[in-house]
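Step one of this worksheet: look at the structure below.
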Amino acid sequence: MNDYAIESNKVSKSYGTVQALDKVDLHVRTGSIYGLIGDNGAGKSTFLKLLAGHLFPSAGEIRLFGQFEEKKLRRYRMQTGVLIERPGYFPNLTVEQTLEYYRIQKGVPGKEKVSEMLQLTRLTEKRKSKCKKLSLGQKQRLGLAIAMIGEPRLLILDEPINGLDPSGIAEFRSLLQDLNAEKKITILLSSHILPELQHIATHFGFLSKGRLLEELSKESLLEKCIDYLDIVVSDPELYTALLAGRFPDEAFQVLPDGTVRIRRCQQEPEVYSRLAADNGLYIKALERHRSSLESYYMNLKNGGNETC
């Protein structure tokens, strides 16, 4: 199995004098959930459309599962489910009729596939409902069912949770995680709802003004986004003296309320609490703070000069 479901090599896309994408090198590991992050106009939708074959790059190379020749790309695109912009449905057809239409269009054998997709996307109770009467969340699930009907190896989703309420977002997140875990489907999705993307994605890519700024795993993100540790102890003055003696390379400060703040702490929280307890100090509170995916992206976009 190829290590990467998606690879791009110096991919650029221009519209006249407008450079939508500029030499993007992006890598989506097979079996991962990859979150593509960027402001409106950063080039996210353009890149997803290039992958889906809706557009062609001005320069550079795209590989799907290690293949880059056009004939082989077409074959792998047939194994890719795509939900870009709005789901394609017919307002006056029922959910069941819509899925049957796409089953036939995609040449997928077996009428039972429609029932499978209804069950998979939790739309069985709405099978006889007309599409125009569905809620926004149900329409998004229908779009996912349409994308899934060919049993794809790869899903490409552009803002799939846009406009959903909190319960709809949680339900959609659970559905994508199940598809990834149970069916081993690689998922590439964009979203401007970064707290939710932080929950679901295993890897991240950051686009800004058509350029890929960075790629990193969720584990690397968490390591980089440990901001500080706040400790409230019975004797802050003694505790800071102990800190300076035990950990001379640590950066810390005492806040006006007496809280000892350790920035970019190099030890686990238990080590700092043990230092206090071993020296007879009472720990009133200990809290580890992490910066969010949103703050990390904003810092990266602005040149990465701030401490994460």
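The values are calculated or read from the model by the stated rules, or taken from the named source; none is laboratory data. Here the structure is a predicted model, which is why all the values come from computation and not from measurement. No Cβ is skipped: glycine too gets one built from the backbone with ideal geometry, and neighbour counts run over all protein chains shown.
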Inset, instruction - Could you tell me which of the residues LEU55, LEU26, LEU48 is farther than 25 Å from LEU293 by Cα and out of contact with any Cys (no Cβ under 9 Å at 6 or more places or on another chain)? - result: LEU55
Inset, instruction - For the stretch 258-265, indicate whether the set of residues that are of a type in the set (Ser, Thr, Tyr) and within 15 Å of the chain's Cα centre (by Cα) is non-empty. - result: no
Inset, instruction - Can you confirm whether the stretch 227-243 contains a residue that is farther than 30 Å from ILE185 by Cβ and part of a loop (DSSP other than H, G, I, E, B)? - result: yes
Inset, instruction - From the list TYR239, TYR272, TYR282, pick out the single residue that is at pLDDT 90 or above and surrounded by fewer than 16 Cβ atoms within 10 Å (Cβ to Cβ). - result: TYR282
Inset, instruction - Out of the residues in the stretch 211-236 that are farther than 22 Å from HIS199 by Cβ and aliphatic (A, V, I, L, M), state the one that is surrounded by the fewest Cβ atoms within 10 Å (Cβ to Cβ). - result: VAL232
Inset, instruction - Could you grab me the full set of residues in the stretch 123-159 that are closer than 26 Å to THR30 by Cα and either in a loop (DSSP other than H, G, I, E, B) or among the acidic types (Asp, Glu) (or both)? - result: ILE149, GLY150, GLU151, PRO152, ARG153, ASP158, GLU159
Inset, instruction - Determine if the stretch 63-73 includes at least one residue that is over 17 Å from the mean Cα position of the chain (by Cα), basic (Lys, Arg) and within 11 Å of GLY210 (Cα to Cα). - result: no
Legend entry - Residue satisfying all of: in the stretch 169-210; aliphatic (A, V, I, L, M) and not in a helix (DSSP H, G or I); surrounded by the fewest Cβ atoms within 10 Å (Cβ to Cβ) among these: ILE193
Legend entry - Qualifying positions in the stretch 203-219 - over 14 Å from the mean Cα position of the chain (by Cα) and polar (S, T, N, Q): SER208
Legend entry - Complete set of residues in the stretch 42-71 that are more than 21 Å from HIS203 (Cβ to Cβ) and touching a residue at least 12 places away in the same chain (Cβ under 8 Å): GLY53, HIS54, LEU55, PRO57, SER58, ALA59
